[in-house]
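See structure below.
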Amino acid sequence: MPRVGVSVKEVTIVEWLVEDGATVTTGQPILVVATDKTEVEIEATMDGTLKHGAAPEEDYVVGAVIGAID
């Protein structure tokens with residue numbers, strides 16, 4: 001889970017925007033997360049196949065592995 005703000009330590013996954021196993025490209029929005037103040041789209045950091053590793057409506061600490069792009 002990438003950092004989404006200076007003081008944010010935990011986020012909630014709102015929804016995956018791309019299906020598990022789908023091909024993604026760098027910069028493509030793949031995930032929406034919520035902090036206590038806002039919702040933020042997370043973009044793919046590279047091209048490849050997205051593998052979900054975390055469920056929506058769960059809380060995750062910043063830095064946790066929530067998926068992978070192979």
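Structure notes:
- Only one entry in 69, 30 is within 10 Å of the chain's Cα centre (by Cα) and either open to solvent by 60 Å² or more (accessible area, probe 1.4 Å) or touching a residue at least 12 places away in the same chain (Cβ under 8 Å) (or both), namely 30.
- Search result, residues across the stretch 48-64 that are assigned to a loop (DSSP other than H, G, I, E, B), open to solvent by 30 Å² or more (accessible area, probe 1.4 Å) and touching a residue at least 24 places away in the same chain (Cβ under 8 Å): 55, 56, 57, 58, 62, 63
- Test set (1) in contact (Cβ under 8 Å) with a residue 40 or more places away in the chain; (2) surrounded by fewer than 16 Cβ atoms within 10 Å (Cβ to Cβ) - residue 38 fails condition number: (1)
- The residues on offer are 45, 12, 23, and the sole one that is open to solvent by 90 Å² or more (accessible area, probe 1.4 Å), of a type in the set (Val, Ile, Thr) and at pLDDT below 95 is 45.
The values are calculated or read from the model by the stated rules, or taken from the named source; none is laboratory data. The shown structure was predicted, so the numbers you read here are calculated from the model rather than taken from an experiment. For neighbour counting, all protein chains shown are included, and Cβ atoms are generated from backbone atoms with ideal geometry for every residue, glycine included. Side chains included, ligands, DNA and RNA excluded: accessible areas come from the protein's heavy atoms. Shrake-Rupley method; radii C 1.70, N 1.55, O 1.52, S 1.80 Å.
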